[in-house]
Each structure stands twice: as C-alpha cells, then as structure tokens.
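Structure first, commentary second.
The values are calculated or read from the model by the stated rules, or taken from the named source; none is laboratory data. Predicted, not measured: the structure shown is a model, and the values here were computed from it. A quick note on method: Cβ atoms are made from the backbone with ideal geometry, for glycine too, and the neighbour counts reach across all protein chains shown.
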Amino acid sequence: MLELKDLYFTVQDDENGSRVKRNIVDGISFTFEKGKFYAITGPNGSGKTTLAKLIMGVNPVSEGAILFNGEDVTSLSINQRAKAGIAYSFQQPARFKGITFRDLLTIATGIEDENKLLEILSRVGICPLSFLDKEVDAKLSGGEIKKIELATTIASNPKLAIYDEPDTGIDLWTIGPMVSLLKKELADNRTTTIVVSHNRAFLEAADVVIIIHSGKIVYQGNLEGAMPLLDDLSVCTYRESCEGERDAGCYR
C-alpha cells in the first residue's frame with residue numbers, strides 16, 4: 001500500500017520581476033491499494049509526472065509524507081526506494097552507448113544465466129535471442145527502447161510499478177499488448193500499477209482513474225464518471241497529444 005499525505009512540490013517562479021512560489025503538486029492525499037491498476041491523467045502541466053517522480057524520489061518533497069507498506073519513505077533515496085520494491089519507467093528511457101540489453105537485465109535482476117534471461121524476454125513478449133545483445137543506444141527505435149525499459153522494470157519484480165507515458169514513441173499496434181502485459185503482471189504478482197497517460201486504452205484498463213488539474217486531484221473513480229470532466233478540461237488536444245489522429249487512442 002502506498003499512502004500520500006498532504007503532498008506538496010513547490011518551485012520558485014519569476015513573475016513581474018519578483019520570485020513567486022508555485023505549487024506544482026498542491027496538497028495531494030491519496031491511498032493506492034495493493035494489487036490495483038491506477039491511471040493518472042490530466043492536462044499537460046497539471047503535475048502528473050511530477051507526482052510520479054515524488055513517489056520514486058526523483059524530485060524531493062517540499063511538504064508532506066509518503067508511506068510505503070507502513071514505512072515513511074519520504075526522505076529515502078531512489079536506490080533505497082527501489083530496494084523497498086518501487087520501480088519507475090521513464091517517459092523517455094535513457095540510452096547508453098556500449099551497454100547492452102543483457103547488461104541492463106543483469107543489473108536489474110542480478111541474473112546472468114542466459115536461460116533465465118530468455119525466460120524474462122518471453123515474459124514481456126520479446127522473442128529473438130539476438131535482442132539480448134543489442135546496444136541500448138541511439139540506433140534503437142522508440143518501440144525497441146520502450147520494450148527494453150518495460151522489461152527491465154518488470155524483471156525486477158517490483159511491489160509498486162510506475163509507468164510514465166509508456167505509449168510514448170511506440171506504434172498503435174503495440175499499445176494493446178502493452179496494456180495486456182501490465183494487467184498480467186498485476187494479476188500474477190499483485191503488482192500495484194500506476195500509469196501516467198493520456199491514452200484511453202490505459203484508462204479503460206484501470207481500476208481507478210485519477211484526474212489531476214493544477215496540482216490537485218479533482219476526480220477519482222471509473223472512466224465513465226471521468227469522461228464529462230475530461231471533456232470539460234480539454235485534456236487531450238488532437239495536435240499536442242493525438243498527432244492529428246482520432247485513432248491514436250486519446251479520449252476526445
């Protein structure tokens with residue numbers, strides 16, 4: 001279980017020549033239950049990714065507390081949170097010249113046995129053995145690097161997995177299998193899953209949809225109840241989030 005208690009993330013902005021405090025995350029309190037699928041959505045700049053990074057420890061909390069399985073992790077480092085069972089998949093995964101997918105999987109799992117690594121590839125829907133020895137560099141496509149990111153996240157068997165815009169840079173045909181993969185991991189391992197996304201496929205898969213607007217939670221519930229508010233907020237514009245295509249899966 002993950003509990004957020006009156007969470008704030010505050011930055012200093014320049015406004016008319018003066019330094020003004022602005023809350024990117026503005027007093028959020030919420031409890032994520034074990035083994036449930038949560039989709040966090042909302043307008044661009046609303047604080048969705050910032051909230052996810054606060055949970056992982058990428059950004060420091062300005063005020064409030066984060067409790068994970070009853071332990072206060074607010075002051076813990078990223079590594080300490082990872083050891084506690086929290087994993088984070090970035091919207092734009094890092095690329096490493098000279099580092100192979102095999103290297104990353106071994107680091108994530110501590111496993112060097114090739115047969116066991118191949119089992120992980122099969123688990124996440126990656127078939128070719130040759131994929132193991134691909135360098136995680138600029139030569140990989142967006143879809144390939146995203147598969148690697150997902151595989152290394154899932155392979156660590158986290159208790160809580162956070163996926164920031166997992167559909168970024170991948171084709172439409174990959175989204176359905178990705179959703180199925182995350183749901184299967186949740187079902188098999190009771191992995192509490194948090195996905196930050198504009199994509200309707202993830203919202204439909206979620207047990208709970210959370211809408212964030214101006215740093216606050218303005219809705220929590222099912223997608224049907226969220227739709228009127230999503231339309232009102234104009235969360236997903238064709239040009240910015242759907243690239244001009246109604247088929248891209250966004251919710252307008």
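The table below lists the values:
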{"read-out": "Any hit, segment 17-24, residues being part of a strand (DSSP E or B), closer than 24 Å to Ala206 by Cβ and over 17 Å from the mean Cα position of the chain (by Cα)", "value": "yes"}
{"read-out": "Filtered residue count, segment 36-81, keeping only those that are closer than 19 Å to Ser197 by Cα and part of a loop (DSSP other than H, G, I, E, B)", "value": "8"}
{"read-out": "Residue in segment 9-44 that is farthest from Thr74 (Cα to Cα), counting only those that are free of Cβ contacts under 8 Å to residues at least 24 places away in the same chain and surrounded by 12 or more Cβ atoms within 10 Å (Cβ to Cβ)", "value": "Arg22"}
{"read-out": "1 or more residues of a type in the set (Lys, Arg), modelled with pLDDT of 80 or more and more than 21 Å from the chain's Cα centre (by Cα): qualifying helices (runs of 4 or more DSSP H) within segment 96-178", "value": "101-109, 114-123"}
{"read-out": "Cβ-Cβ under 9 Å pairs, at least 6 apart or on other chains, segment 180-209 side within 15 Å of Gly225 (Cα to Cα) and in contact (Cβ under 8 Å) with a residue 40 or more places away in the chain, far side surrounded by fewer than 24 Cβ atoms within 10 Å (Cβ to Cβ) and acidic (Asp, Glu)", "value": "Asp207/Glu33; Val208/Glu33"}
{"read-out": "Unmet requirement for Tyr219, which otherwise passes all of (1) touching a residue at least 12 places away in the same chain (Cβ under 8 Å); (2) of a type outside the set (Lys, Arg); (3) within 20 Å of Thr50 (Cβ to Cβ)", "value": "(1)"}
{"read-out": "Tally, over segment 173-200, of residues that are in contact with a Gly (Cβ under 7 Å, 6 or more places away or on another chain) and not basic (Lys, Arg)", "value": "7"}
{"read-out": "Residues located in segment 179-212, provided they are within 13 Å of the chain's Cα centre (by Cα) and either assigned to a strand (DSSP E or B) or surrounded by fewer than 20 Cβ atoms within 10 Å (Cβ to Cβ) (or both)", "value": "Thr192, Thr193, Ile194, Val195, Val196, Asn199"}
{"read-out": "Matching residues in segment 211-229 - criterion: being of a type in the set (Val, Ile, Thr) and closer than 16 Å to Asn44 by Cβ", "value": "Ile211, Ile212, Val218"}
